[in-house]
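Notes follow the structure.
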Amino acid sequence: MAQFLGEIYPDDSILSPVKLLLLQHIRDASSQLNDPLQASEGRERLRGFLLASTRLASGLHVRSSATTSVPREAAIRPTGLVNAGVEAEERGDFDQAEDAYVEAMEHDDVVAAVRLGMLLERLDRLSKAEVAYRRADELGSAAGAARLGFLLEKRGEFSVAESAYRRAHERGSPSGSAHLADILQRRGDGPAASAAAERANDLREALTSGAR
């Protein structure tokens with residue numbers, strides 16, 4: 001959960017307290033899942049906090065687009081579409097979820113692009129998942145770049161996968177740094193692999209500390 005929040009939000013020190021509060025609540029709710037008597041409540045709390053995190057992340061992107069010429073109604077619209085997609089996905093209505101994410105992505109919503117890619121990858125529609133991840137990457141998403149790299153690496157396209165991992169690494173993605181370290185290690189570049197692995201650990205530790 002901590003990694004999800006850490007990668008899906010852009011770096012913004014003003015919002016750090018809000019992110020830390022969400023992480024604390026998610027951590028508390030997760031602990032309830034281990035208790036049979038509290039598991040149901042824990043699941044409901046997690047669902048609420050994840051929806052809240054998606055709303056916040058979508059809101060960030062809306063505010064970053066506020067200086068463009070897009071009408072205000074169109075700029076606000078993706079937030080509701082992403083929320084509708086998340087809820088449809090939780091119900092198992094994947095067609096409706098896809099439609100909502102696609103429409104939000106058309107408004108350059110980075111969260112929608114990542115979630116669409118994850119949904120399509122889950123459904124084994126990898127070519128379309130790649131398109132969504134590429135759009136998220138173009139919009140500056142660390143998670144989108146890391147997931148794009150993973151798809152490319154699975155296809156054996158190691159050079160372009162490495163480039164995607166490097167972008168994720170530079171944007172602060174622990175998984176991007178870890179995958180980059182693996183590729184560099186296999187290529188025999190030990191010092192660079194160690195540096196990437198160390199950065200992955202540092203990023204994970206920072207996210208874990210934020211959840212405490």
Segments 121-132, 78-89 sorted - mean Cβ within 10 Å per residue, highest first: 78-89, 121-132
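Based on the alpha-carbon gyration tensor of segment 111-212 and its eigenvalue square roots a ≥ b ≥ c, which shape applies: rounded if a/c is under 1.5, prolate if not and a/b is larger than b/c, or oblate?
Details: a/c = 2.23, a/b = 1.27, b/c = 1.76.
Cα axes put segment 111-212 in the oblate bin.
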Peptides 98-107, 138-147 ordered by average Cβ neighbours within 10 Å, highest first: 138-147, 98-107
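No value in this document is a laboratory result; all are computed from the given coordinates. Because the structure is a prediction, the values reported are computed rather than measured. Quick reminder, even Gly has a Cβ in these numbers, built from the backbone with ideal geometry, and neighbours come from all protein chains shown.
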